[in-house]
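Structure, as structure tokens:
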Amino acid sequence: MSQPEGKRRRGSRAPKEKPEFDQQIVDLARVTRVTKGGKQMSFRCCVLIGDRKGRVGYGIQKGKDVQIAVEKAVRQAKKRMIVVPLVKETLPHAVHAKFKAADVLLKPAPKGSGIIAGSVIRTVLEMAGVPNASSKMLGKTNNKINNIKATFDALQSFQTKAQKPKKTVVVSPVAESDGDSKPKA
């Protein structure tokens with residue numbers, strides 16, 4: 001039997017459009033605020049978003065519901081987007097950053113080595129689209145949020161040749177003297 005014209009089959013849908021950014025929930029926690037009236041429960045969500053082409057961002061927000069917290073965190077992450085410069089499919093140079101107890105070292109890696117990183121640093125680098133990099137968590141904390149913030153501080157501190165400030169030599173005018181004068185002590 002053929003379908004009458006103008007009617008679509010139930011299960012057929014138009015193909016979904018791919019979202020602009022990939023997103024990943026890194027941390028989801030139920031948190032409580034104690035008030036005079038009792039305990040107020042809410043959810044804290046930490047989300048990483050990235051296009052895997054050099055842009056990455058993170059957001060941390062709370063909401064009464066998990067879905068609300070995720071939406072708010074994604075909105076914040078879009079506002080905090082940074083661009084990660086890549087040189088020969090890796091990071092431009094080694095960089096070290098510290099945020100509270102989190103201490104992160106990011107280093108370039110040879111082509112084909114992939115991302116050598118643990119915990120959330122790997123997720124940040126994957127979302128940014130860095131194909132080859134090496135990292136080390138030097139801090140004494142496993143706090144995911146602080147490690148993300150330290151990683152973002154490190155990624156923002158990269159300086160490429162175009163960004164490096166040129167060294168300028170300031171020449172101050174020298175007053176002419178007749179050689180008789182002695183410097184005053």
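Determine the shape class of the stretch 22-156: with a ≥ b ≥ c the square roots of the Cα gyration tensor eigenvalues, call it rounded for a/c under 1.5, and otherwise prolate if a/b is greater than b/c, oblate otherwise. Prolate shape, in that a/c is at least 1.5 and a/b is the bigger ratio.
Using the structure shown, select from 62/107; 53/100; 18/53; 62/149 the pairs with a Cα to Cα distance greater than 23 angstrom. Beyond 23 Å: 62/107; 53/100.
For residue 134, nonlocal amide neighbours, meaning residues 5 or more places apart or on other chains whose placed amide H falls under 5 Å from its own, are 107, 109, 116. Couplings 3J(HN,Hα) of the stretch 36-46, computed from phi: 4, x, x, 8, 10, 8, 8, 10, 9, 10, 10 Hz, in residue order, whole Hz [Karplus 6.51 cos²θ - 1.76 cosθ + 1.60, θ = phi - 60°; x for Gly and Pro]. Here the Karplus curve 6.51 cos²θ - 1.76 cosθ + 1.60, taken at θ = phi - 60°, turns the phi angles of the stretch 102-114 into couplings of 7, 9, 10, 10, 10, 10, x, 10, x, 4, x, 7, x Hz, with x standing for Gly and Pro.
Return a whole-number percent for the relative contact order of the stretch 69-123, with Cα pairs under 8 Å and 6 or more residues apart as the contact set. Averaging sequence separation for qualifying contacts and normalising by length gives 22 percent for the stretch 69-123. If I model a spin label as a point 7 Å beyond the Cα along the Cα-Cβ vector, how far apart are those points for residue 87 and residue 53 in nm? So the label points at residue 87 and residue 53 sit 2.4 nm apart.
For the stretch 139-153, 3J(HN,Hα) computed residue by residue from phi via the Karplus equation (6.51, -1.76, 1.60; θ = phi - 60°) reads x, 9, 10, 10, 5, 4, 5, 5, 5, 5, 5, 5, 5, 5, 4 Hz, glycine and proline entered as x.
Residues 134, 113, ranked from the fewest to the most other C-beta atoms within 10 Å, line up as 113, 134. Amide H contacts under 5 Å for residue 141: 103, restricted to partners 5 or more places along the chain or on a different chain, H placed in the peptide plane at 1.01 Å from N.
Throughout, read-outs are computed from the coordinates displayed, never taken from laboratory work. The model shown is predicted, which means the values in this text are computed figures rather than measured ones. FYI the Cβ positions are ideal-geometry reconstructions off the backbone, even for glycines, and counts take in every protein chain you see.
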